[in-house]
Amino acid sequence: MSEVTFREAVRMALRESMHADERVFLMGEDVGRYGGSYACSMGLLEEFGEARIRDTPLSESGFVGAGIGAALVGMKPIVEVMTVNFSLLALDQIINNAATLRHMSGGQVNVPVVIRMSTGAGKQLAAQHSHSWEAFYTHVPGLKVLSPATVVDARGMLLAALDDPDPVVIFEHSGLYNMKGEMPEPPPAVDLTHARVAREGTDVTLITHGGCLRRTTEAAAALAERGISAEVLDLRVLRPLDWNTVFESVAKTHRAVIVDEGWKSWGFSAEVSARIAEDAFWMLDAPVRRVAGVEVPIPYPTHLEQASIPQTAQVIAAALEVVGHG
Amino acid sequence: MGDFVMPSLGADMERGILNEWLVKPGDAVAKGDIIAVVETDKGAIEVEVWSAGVIEELCVDEGTDTPVGTVLARIRETENPASEPSAAATATPSPPPEPVATTPAPPAPAPSAPAEARGRVMASPWARHLAAERGVALTGVTGSGPLGAVLGRDVPAAAAKTAHPKPDKVDQLAAMRRAVAKAMARSKREIPHYYLGTDVDVTGALAWLARRNASVPPPERLLPAVIWLKAVAAAIRKVPQVNGFWQDDALRLSEPIHLGFAVSLRGGGLVAPALHDVDQRTPVELMRAMTDLVTRARRGRLRGAEMTDATLTVTSMGERGVERVDGVIYPPQVAIVGLGKVVERPWVVDGEVAVRKVMHVSLAGDHRAHDGHTGGLFLNALADALSAPEAL
Amino acid sequence: MTALPGRGHALHLLTQMVRIRRFEERCAELYSAGKIRGFLHLYIGEEAVATGALRALGPDDALLCTYREHGHALVRGVPMNKVMAEMFGKQEGCSRGRGGSMHLFDAEHRLYGGNAIVAGHLPLAVGMGLGDQMAGRQRVTACFFGEGAIAEGEFHESMNLAALWKLPVLFACENNGYAMGTALARSESQTALTVKAASYGMPAVSVDGMDVVAVETETRAIVDAIRAGGGPAFIEYKTYRFRAHSMFDAELYRDKAEVDEHRKRDPIPSFLRRMIAANTLTEEDLAHIEAKVAEELSEAVAFAEAGTWEPIEELTRDVYTEVGA
Ligand SMILES: Cc1ncc(C[n+]2csc(CCOP(=O)(O)OP(=O)(O)O)c2C)c(N)n1
């Protein structure tokens, strides 16, 4: 057991996979000399050389598409897009190519590309650098979408994604890179099929993922002090989502609060809420509540930025409301 | 050549899944034969054929979801209209009977007790689910939720009675609930209900029944519900305006008397299939038909016609301990009769106060089809019939 | 050899460059103190570009910039107070605090940001030029971007559209040699940027961006041609940023020696030297300017400090236009 940061866990997976399989390579803006905009690939250029740690120009559509192409011919590319905001320039490649090629070809080709990107707000980067677009990608059949929230998943899910025959998009919340966590020895393999019960409880299910897990867990702890037992689900895999675990938990607690940084309307939380209403309706003892992004492009000043994304206090308030202590 | 099409088994049915064919090409079928099982919102329903002949072709595979009106099979018609529909229907082997709940009249399609007459009971889905599972009427439950809503935790406390077995699928229940919701919402939207009610002394009727049951072998014994239904049929004969349908802005009276009769299903949900020709059958026949119907309803094997052709519905809340029920009319019917619990009451008989067995009977009528005057005549006729059970 | 400016003109150029330099140095300090947050991209070393180039624009011309735009905003005439308040996120800022360092806007001065998606504003410039052309206005739209943007599809799409429709757009490329940590030669197969630009069929020139006089002269010539109806043009300013890409940058991608080499060409002292040699300016002029700028700056900081936070109740303001408001 050792303590590592989320960033180090990502780097562990990058190194392990590059050592294990020579088809694996990393490309993206400033992944080499600069060491990655969030320093995940620091030192890897020296270790693996320019051919496998490829700095790209500012050409998101071009190099993401190139990753898809390389995957088509048997490589295992890891494409890093600095932030999800810039991935919008590559949306065409990801959605019209990566997600469709297998299907359009009648199953003849597959696209084992892994696309990593940072996501989320909290660093006062204002309206063009702070958004969470998980909803865009989870909307698309053909993509697998991951949202690691722990150091074990940061490493393990990247490795599992590389073993997956289909395109995988990994969201790394920028607020997590410095987070420390215990990494068991040897580091464990993880699956891409299950949600994780991060904390067991009986009164209300708090459903979240990625960057919101920390605040949600804090909320659960605060609720416990008030005698309310909250179960926390870390969804981990956003698509295909492990609905069984969600429904089982709701069947136990009969109440659900969804916490997601993306905008509420038409968002990721909207789908989770709709599915619970559709398929676990008879289990509900209270309306589903969502703590999600406010409908505003994220502003620069910290008080407004924080007001536009989920806060621990809001999670607590929503949970209290559904358990009837509001 | 006749076409056998996906039948419309209810105003709200738009499509159905052809679950099972009970015939194959070359088979001869008589009018009224059950030739297929169709899955609908309301459960699996056996559907009968309306012409006689030989099955030429089955046009739809089992498991296909098809819109109402789609041709399911082609039938080469024969000249012989020999068999009577009812004979054909009776000829069908009915599944082995299952133990039936002691009473044949669980909650009606639209029970609404006085407490909720002003609005529906507020209850969470989980509470409704638990209540249906345990056979608890939400009406009587004190809610601890917001605005007094009944929550899941409130139900076990209220569940005095034994639970029904757990439903295997939430989905089925949801579909059933949706179907009921649709019909009831339509009723409340479209039908201007009027409500009448009166208490009827049924001491004589019950005494007569007890005497009669004591004198016959068990298979011929009757439940009070049979008497109530016969009495309703007798009252309809006197006041036929309550028996029929409101269609195309007109009241269409029905000659046959098919009484809809609510059956609650295991794990919640309910259907109100029809007992056919209640006035024509003897009480013993009726008792058998009722037992058969409950069994088949619970096995999901009702016939199409049974689902749609009730001409008036009777809802009884007596078994739920409810003294009075004002029903919601099942469209396109134009009335629903509500029967409450039989209670002992001080009652004036020949100028003296005596303890009598009294049942509240109500009528909810469609004001478009008839008026309170008609409803009053009907209730009087019903009270009369109940006081002379031998005549039934 | 370009003609040297007269005294008043020279004082102006020096003043603007010193304003930018001192403003940004103070910003770096305030960033370290936590007063300014988010990304802070400093323009130090590149001051001659905005200072010289913007003199070629008229007050009606439009200006679009990147996230490295403090200098452009100051030279354009946005009051330093408002710029500093924006850096703080105060509602007295030029973008009411909503944008911060990367999104300085001032519609009155026709400054359309502060754009932080690399190359994302180039198509906007094309559209603004199109609007002016269709309305028959003689305005020019100047769009500043780093050389990193040239790798984006939006650069090529915009260049083509502007040239195809002969739009009054100046594509102003501030080539400081690096896009974050990526040197030009590592991101472009053709490093001669004017060759790329010229392939779209528009005039393309390159100028020493450390020489404020050359910047102004070349830009004026090319803007005049655009205004005369010559269609779009491309200008490359060869410059160098002395500091990190933003405040978080270990600068692993370049040598200190390389930076030191470029510092020798610092546009401010070199301009002053030339002006002193030409007897146009004196050291005292600089001292005088420094004093005035120091005063302006401390006032701007005080203004920003005294500024107020927008109430949280107004969080969702300006998501849509409030009709009648
Ligand atoms: C589309 C997009 N991709 C990546 C980034 C991240 N990023 C911000 S600035 C920058 C470098 C840009 O370099 P350049 O255009 O040369 O301008 P400079 O910063 O040198 O002024 C990068 C990669 C971004 N903001 N937008």
(request) Just tell me how shielded C:182-195 is by partners: mean number of partner chain Cβ atoms within 10 Å of each residue's Cβ, no decimals. (result) 2
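Could I get the Rg over Rh figure for the stretch A:2-183? Both from C-alpha atoms, Rh via Kirkwood, rounded to two places.
On the way: Rg = 15.1 Å, Rh = 16.1 Å.
Rounded to two decimals, Rg/Rh equals 0.94.
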(request) May I ask you to list the lysines whose Cα is less than 26 Å away from that of A:Lys264, ignoring any residue fewer than eight positions away on the same chain? (result) A:Lys123, A:Lys144, A:Lys252
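With a ≥ b ≥ c the root eigenvalues of the C-alpha gyration tensor of the stretch A:218-258, is it rounded (a/c under 1.5), prolate (a/b larger than b/c) or oblate? The partial results should precede the final answer.
Values: a/c = 3.60, a/b = 1.77, b/c = 2.03.
Oblate.
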(message) From the P(r) of chain A, could you give the percentage of C-alpha pairs in the tail past 35 Å?
(response) 19
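Using mean Cβ contacts within 10 Å as the protection proxy, how do A:129-140, B:65-76 order, highest first? Could the numbers behind the result be given before it?
Values: A:129-140: 22.6, B:65-76: 16.6.
My ranking of the peptides, most packed first, is A:129-140, B:65-76.
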(message) Bins of 10 Å, beginning at zero and ending with the bin holding the largest distance: percent of Cα pairs per bin for the stretch A:40-97, please.
(response) 22, 50, 26, 2
(request) Select from the stretch A:45-86 all residues whose loss of accessible area on going from the chain by itself to the full protein assembly reaches 50 Å² or more (probe 1.4 Å). (result) A:Pro57, A:Leu58
(request) Taking all protein chains together and a probe of 1.4 Å, list B:Asp201, B:Asp3 from the most accessible to the least accessible. (result) B:Asp3, B:Asp201
(message) So with the 1.4 Å probe, I'd like the accessible area per residue for the stretch A:201-278, rounded to whole Å².
(response) 35
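Nearest 100 Å² is fine: what is the total accessible surface buried where chains A and C meet, probe 1.4 Å?
2900
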(message) I'd like to check one number: the per residue accessible area of the stretch B:268-371, probe 1.4 Å, reported in Å² as a whole number.
(response) 36
(message) With a 10 Å cut-off between alpha carbons and a GNM built on chain C, which of C:Glu92, C:Glu299, C:Glu47 moves the most?
(response) C:Glu299
(message) With unit charges on the beta carbons (Lys and Arg positive, Asp and Glu negative) and the dipole taken about the Cα centre of the protein assembly as shown, which residue among C:Gly120, A:Ile258, B:Ala157 sits farthest to the positive side?
(response) B:Ala157
(message) If I take the Cα coordinates of the stretch C:130-234 and project them onto the principal axes, what are the three extents in Å, biggest first?
(response) 42, 32, 20
(message) Can you give me the angle between helix A:151-162 and the longest principal axis of chain A, using Cα atoms only, in degrees from 0 to 90, rounded to the nearest 10?
(response) 50
(message) Looking at the calculated P(r) for the stretch C:196-273, what percent of the C-alpha pair distances fall above 19 Å?
(response) 53
(request) Quantify, in whole percent, the carbon and sulfur part of the accessible surface of the stretch A:196-322 (1.4 Å probe; protein heavy atoms only). (result) 52
(request) Would you compute the Debye intensity of the stretch B:191-391 from its alpha-carbon atoms alone, equal scatterers and no solvent, and pass along log10 I(q)/I(0) at q = 0.09, 0.11, 0.17 Å⁻¹ to two decimals? (result) -0.33, -0.49, -1.19
(request) Give me the accessible area per residue for chain C, probe 1.4 Å, as a whole number in Å². (result) 40
(message) Using only alpha-carbon positions, what ratio does the radius of gyration of the protein assembly as shown give when scaled by 2.2 N^0.38 Å?
(response) 1.30
(message) Counting only protein heavy atoms, probe 1.4 Å: which residues of the stretch C:164-181 lose 40 Å² or more of accessible surface in the full assembly compared with their chain by itself?
(response) C:Met180
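Two-decimal Rg/Rh of the stretch A:196-322 from alpha-carbon positions, Kirkwood Rh? Don't skip to the end; give the middle numbers.
Working: Rg = 13.6 Å, Rh = 14.3 Å.
That ratio equals 0.95.
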(request) Report the accessible area of C:Tyr240, computed with a 1.4 Å probe over the heavy atoms of all protein chains in place, in Å² rounded to the nearest 10. (result) 10
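Which shape class applies to chain C: rounded if a/c is under 1.5, otherwise prolate when a/b exceeds b/c and oblate if not, where a ≥ b ≥ c are the square roots of the Cα gyration tensor eigenvalues? Don't jump to the answer; show the numbers that get you there.
Details: a/c = 1.34, a/b = 1.06, b/c = 1.27.
Rounded.
How big is the Rg/Rh ratio for the stretch C:1-77, C-alpha atoms only, Rh by Kirkwood, two decimals?
Details: Rg = 13.9 Å, Rh = 13.6 Å.
Result for the stretch C:1-77 is an Rg/Rh of 1.02.
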(request) Quick one: pull the percentage of alpha-carbon pairs in the stretch A:255-326 with a separation above 20 Å. (result) 34
(request) Convert 25 °C to kelvin, take the viscosity as 0.890 mPa s, use the Kirkwood radius over C-alpha pairs of the stretch C:235-308 as Rh, and evaluate the Stokes-Einstein diffusion coefficient in µm²/s, rounded to a whole number. (result) 156
(request) Mind listing the long-range amide H neighbours of A:Arg290? Cut-off is under 5 Å, sequence gap 5 or more, other chains count too, H placed in the peptide plane at 1.01 Å from N. (result) A:Ile258
(request) Using a Gaussian network model of chain C whose springs link C-alpha atoms within less than 10 Å, name the residue from C:Ile235, C:Ile289, C:Ile44 with the highest mean-square fluctuation. (result) C:Ile289
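Enter the mean number of other protein chain beta carbons within 10 Å of the beta carbon of each residue in A:27-37, as an integer. Don't jump to the answer; show the numbers that get you there.
On the way: counts 0, 0, 8, 7, 2, 5, 10, 11, 4, 1, 6.
Counting Cβ atoms of other protein chains within 10 Å of each residue's Cβ and averaging gives 5.
Peptide A:290-302: average number of partner chain Cβ atoms within 10 Å per residue?
Numbers: counts 0, 0, 0, 0, 3, 4, 6, 4, 1, 14, 16, 14, 4.
If you average over the peptide's residues, the count of other-chain Cβ atoms is 5.
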(message) Kirkwood hydrodynamic radius, the stretch A:1-72, all distinct C-alpha pairs: what's the number in Å?
(response) 12.7
(request) Using a Gaussian network model of chain C whose springs link C-alpha atoms within less than 10 Å, name the residue from C:Thr219, C:Thr66, C:Thr194 with the highest mean-square fluctuation. (result) C:Thr194
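The values are calculated or read from the model by the stated rules, or taken from the named source; none is laboratory data. This structure is a prediction, so every number in the text was calculated from the model and none was measured. Cβ: placed from backbone, ideal geometry, glycine included. Neighbour counts: every protein chain shown. Only protein heavy atoms, including side chains, enter the accessible area calculation; ligands, DNA and RNA are left aside. Shrake-Rupley method; radii C 1.70, N 1.55, O 1.52, S 1.80 Å.
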